[in-house]
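Student: Before anything else, here's the structure in question.
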Ligand SMILES: Cc1cc2nc3c(=O)[nH]c(=O)nc-3n(C[C@H](O)[C@H](O)[C@H](O)COP(=O)(O)OP(=O)(O)OC[C@H]3O[C@@H](n4cnc5c(N)ncnc54)[C@H](O)[C@@H]3O)c2cc1C
């Protein structure tokens, strides 16, 4: 039950799917040591991610769907490597929405020099879900630029990033006034320290401290846009575009576990077969929802509700499928099948990416109440 | 079947009331409780699950004279971070002994492979004790959730006071109360198996409430991971004929 995709996108799906074996082969090594990605920069999947964005989408106007298709296939190989790779990643989407042409040139220029990691620093130790209440602050320096102070946490790749997209409030503005800036991580005041995590370990989640980092005026994103489009409005658009791909990462993890059972157990019969097939049907259903969510955002960037639904559904699915998959093997499956153990750990992390499940549900409720979702 | 636990903590002489493991896990932590359980039920031994694996406190394994670093059947298999996460808690993770047939292949009729018994003296007492222990660990996680969420704020109130959070905590509480009720009844081996899944489900619900903190490798999620690992390794240890003489007798009675 795979929906028809436009020609170029189907080819891209097949191409990215063909890297699954190599990604899987490196998955446990990267799980043990997040730095192992540095030895894999020549792998096709890693190079693809490192260069992404330079050429634009293969099917313009359908970029969210395209990211979904790619994310599922790469996560089916190894979600850890997908998140661990250098490249524009989430910051690329941010730049597409909020960056001026000059800022994009600077960003992709940096990335073009050598494989460069980027990071997207939003979450704070005291404030995770409550984005609007963040306390990182940009203080005007009198020259149109700012000085940045704050602490961030759980930021993927922050300790090896060359460029960081950082979210903060401008001193003296209202509560929801969040601004995004680009930071050169070599600049004084930027420090990041890796955190040990239970899953998706390749991404080397880090805490970041920002102690008086200088942000020149031309690194402040959105200043070329109308004031109404600079702050939260744009940030919501960025999340709307990213959320379907997070759902797709969950789909990829679920599929990896499901396919592993199929490969290792061979022909299944009776109740086991029924159980296996039902998991497959659940994955397919969540994929259809995720594709719909991507289509909706591609058609109208503010149409994010389906993405919330897809992400919430797929995150639970990934946990369920990876847990169930272990049950197809005997006692000690977590030790005898370390890849399944890793998938079960990885699956748990998706819940918190781009907003926890409760936040997605609250968003959905507001959409329902406002008549923006759930209508034919 | 294990005699239903009485209202008093002191059971028959020489037997520890299994609720002790719950208290120990809740108050002292998963690993100290596992030490207590092993010393009470398998003194001087290294109890293995039906697949031949063991997950035990390192000190217990060393006391039994078994090397805590695995050199068994799976030692040369590629491995992920799971073992070091458990190791950092003070647990030894042992593969099946090297001379033991691994059972990777499914049965010809397509049912799940039933391993030949490699358990050493484990039985219903062990799996029931383990379930009590895991419940205690899950309750400790719940205690922590209450504390953690009370200290985090959004939109002028603590996360604990959000109705969705209250509802999610209540759901977990219902699970845990039911699990305790079933454990008190002296459940059969298949019922204990089901409880293990239920405990994992309760833990997962709590971990969601802890946000990314519950996903850190040195935080509360690591204990929950170790608890899942225990359930996995000793899965079916109560009903596959792996029981020691005591439990076998009780099983027949
Ligand atoms: C794998 C992974 C990757 C990540 N990548 C990044 C990254 O690259 N950059 C970055 O900045 N951050 C990243 N994060 C952090 C992520 O954005 C946060 O974990 C997430 O926003 C949740 O915040 P929190 O962990 O502080 O949870 P909290 O906000 O403390 O939430 C705790 C619990 O309370 C619930 N809750 C919160 N508010 C409400 C409410 N109003 N009503 C009802 N329930 C509520 C939540 O659902 C959750 O269950 C990542 C996290 C993970 C696990």
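Where a number appears in this text, it was derived from the coordinates with a stated rule and is not lab data. Predicted, not measured: the structure shown is a model, and the values here were computed from it. Glycine also receives a Cβ, built like all others from the backbone with ideal geometry; neighbour counts cover every protein chain displayed.
Student: Quick check on the exposure proxy: order A:320, A:336 from fewest to most C-beta atoms within 10 angstrom.
Tutor: With the sparsest Cβ surroundings first, the list reads A:320, A:336.
Student: Hey, can you rank A:182-192, A:69-79 by average C-beta count inside 10 Å, highest first? Kindly include the intermediate steps, with their values, before the conclusion.
Tutor: Values: A:182-192: 17.1, A:69-79: 27.4.
Ranking, from highest mean packing down: A:69-79, A:182-192.
Student: Of A:366, A:149, how do they rank once you tally other Cβ atoms within 10 Å and put the fewest first? The partial results should precede the final answer.
Tutor: Values: A:366 13, A:149 18.
By the 10 Å Cβ count, ascending: A:366, A:149.
Student: Please report Rg (one decimal) and Dmax (integer) in Å for the Cα set of chain A.
Tutor: Cα radius of gyration and Dmax of chain A are 20.4, 73 Å respectively.
Student: Sort A:319, A:274 so that the residue with the fewest other Cβ atoms within 10 Å of its own Cβ comes first and the one with the most comes last. Don't skip to the answer; put the middle values down first.
Tutor: Numbers: A:319 23, A:274 11.
Lowest count first: A:274, A:319.
Student: Still on this model: For an R0 of 51 angstrom, estimate the FRET efficiency from the Cβ-Cβ distance between residue B:163 and residue A:42 and round to the nearest 0.05. Please report the intermediate quantities before stating the final value.
Tutor: On the way: r = 51 Å, r/R0 = 1.01.
Efficiency, rounded to the nearest 0.05: 0.50.
Student: Another question about this same structure. Relative to the longest principal axis of the C-alpha atoms of chain A, give the angle of the C-alpha long axis of helix A:101-113, reported between 0 and 90° and rounded to the nearest 10°.
Tutor: 60 degrees
Student: Compute the long axis of helix A:63-84 from its Cα atoms, compare it with the longest principal axis of the Cα atoms of chain A, and write down the angle in degrees, 0 to 90, nearest 10.
Tutor: Orientation of helix A:63-84: about 80 degrees from the principal axis.
Student: Just checking the output field for A:321-329: average partner chain Cβ neighbours within 10 Å of each residue's Cβ?
Tutor: Values: counts 0, 0, 5, 0, 0, 4, 4, 3, 8.
So the per-residue partner count for this stretch is 3.
Student: Now, a different point. Please state the Cα pair-distance histogram of the protein assembly as shown with 20 angstrom bins from zero: what percent is in each bin?
Tutor: That works out to 19, 51, 26, 4, 0, in percent per bin.
Student: Given the -39500 (n - 2.57) contribution per DSSP H run of 4+ residues, what per-residue ellipticity at 222 nm results for chain A, rounded to the nearest 500 deg cm²/dmol?
Tutor: Numbers: 13 runs with 197 residues, N = 376.
The helix-only estimate for chain A comes to -17000 deg cm²/dmol at 222 nm.
Student: Now for a different question. How high is the relative contact order of the range A:133-236, given as a whole-number percent (alpha carbon pairs under 8 Å, six or more residues apart)? Numbers along the way, then the final one.
Tutor: Numbers: 217 pairs, mean separation 33.7, N = 104.
Reported as a whole number, the value is 32 percent.
Student: Along its principal axes, what span do the Cα atoms of the range A:141-220 show, with the longest given first and each in whole Å?
Tutor: The principal-axis extents, from largest down, are 42, 28, 17 Å.
Student: Something else: For the range A:232-369, what is the relative contact order in percent, using Cα pairs closer than 8 Å and at least 6 residues apart in sequence?
Tutor: Numbers: 158 pairs, mean separation 48.9, N = 138.
Computed value for the range A:232-369: 35 percent relative contact order.
Student: Here's another thing I want to ask about it. Which whole-number percentage describes the relative contact order of chain A, with Cα contacts under 8 Å and a sequence gap of 6 or more? Walk me through the intermediate numbers first.
Tutor: On the way: 706 pairs, mean separation 66.5, N = 376.
Reported relative contact order: 18 percent.
Student: Let me ask something additional. Does anything in the range A:132-169 have its amide N under 14 Å from the 7 Å Cα→Cβ label point of residue A:35, and if so which residues?
Tutor: Counting backbone N atoms under 14 Å from the label point, the list is A:159-160.
Student: Mind pulling the angle between the C-alpha long axis of helix A:89-98 and the longest principal axis of chain A? Nearest 10 degrees, somewhere in 0 to 90.
Tutor: So the helix axis and the longest Cα principal axis differ by about 50 degrees.
Student: Related question: Provide the convex hull volume over Cα atoms per residue for the range A:232-369, in Å³.
Tutor: Details: hull volume 14.3 nm³, N = 138.
Hull volume normalised by residue count: 104 Å³.
Student: Once you have the Cα-Cα distance between residue A:299 and residue A:102, take 0.36 nm times their residue separation minus that, and quote the gain in nm to one decimal.
Tutor: Details: separation 197, 0.36 × 197 = 70.92 nm, distance 2.64 nm.
Net length gain for the segment: 68.3 nm.
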